[in-house]
Amino acid sequence: MKKLFTLTLSLLFALTAAAQATDTSVQFCDKDGNIIADGTTLTLTQFEEDFFGNVQMPSGLFVKNTTDKSVHITADYTISSMSSGTFQICFPQNCVVQNRIGTYATEQGDLAAGALRDMQTEWFPTAVGSCNVSMKIVTYKQNAITKAWVKKGDGPSLQLNFAYDPASISGVATDKSVSSIQYYTLDGRRIASPKNGVYVVKTKYADGSEKQTKQLF
């Protein structure tokens, strides 16, 4: 009886550990596809002006599907502190802006097999201060009978610590003159010029940095 109890307990521990394992089908990455390790803390001090003259601090975060199948995901995030302004995330589909601390989740969406997608995650400060955000990718699977999406597992997580100080020389990008602008449809096809609708606009700057935004034409 004691042996059977021990085996049952060991199996329970194994199942619990498996359930708590991080789902690595998606990974946080930089723009070049380099994986950012689970649990990383990023300290972000670089800032720039957007098209409307507002200060923005991009995270530079991308998410990559490491599998050969489409993955259904959301991003769960908690804004633990934000001294001013708003926090924006455009992932995996529409843009959502928050102006207060709290816990939030993006809309669910699909990430194609092998795809690398910009999260377009940034803080828009209006005064000297900081913004601290913890973020986690969550994966989903579809119920075979009801077709409803149910949680599959927790993906990697990280911490974003923004610090804005306009007096800091190190925080200013060196040359933000635009070197090129490219337009893409929402499914990733590059086009010469946008027509009516929503498009992804990729702006490249002379200092080598780049930014992607969704714009309505």
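The values are calculated or read from the model by the stated rules, or taken from the named source; none is laboratory data. For clarity, every value in this text was computed on a predicted model and none was experimentally measured. No Cβ is skipped: glycine too gets one built from the backbone with ideal geometry, and neighbour counts run over all protein chains shown.
Values computed for the structure shown
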| item | result |
| --- | --- |
| Residue list for the range 104-114, filter: of a type in the set (Ser, Thr, Tyr) and assigned to a loop (DSSP other than H, G, I, E, B) | Thr106 |
| From Val97, Val133, residue being under 20 Å from Ser84 (Cβ atoms) and modelled with pLDDT under 95 | Val97 |
| Residue in the range 142-151 that is more than 16 Å from the chain's Cα centre (by Cα), closer than 17 Å to Val26 by Cα and not in a strand (DSSP E or B) present | no |
| Residues of the range 75-103 satisfying the condition of being surrounded by fewer than 16 Cβ atoms within 10 Å (Cβ to Cβ), hydroxyl-bearing (Ser, Thr, Tyr) and in a strand (DSSP E or B) | Thr78, Ser80, Ser81, Thr103 |
| Every pair of residues 6+ apart whose Cβ atoms lie under 7 Å, when the first sits in the range 97-113 and is free of Cβ contacts under 8 Å to residues at least 12 places away in the same chain while the second is outside any loop (DSSP other than H, G, I, E, B) | Val97/Thr86; Val97/Gln88 |
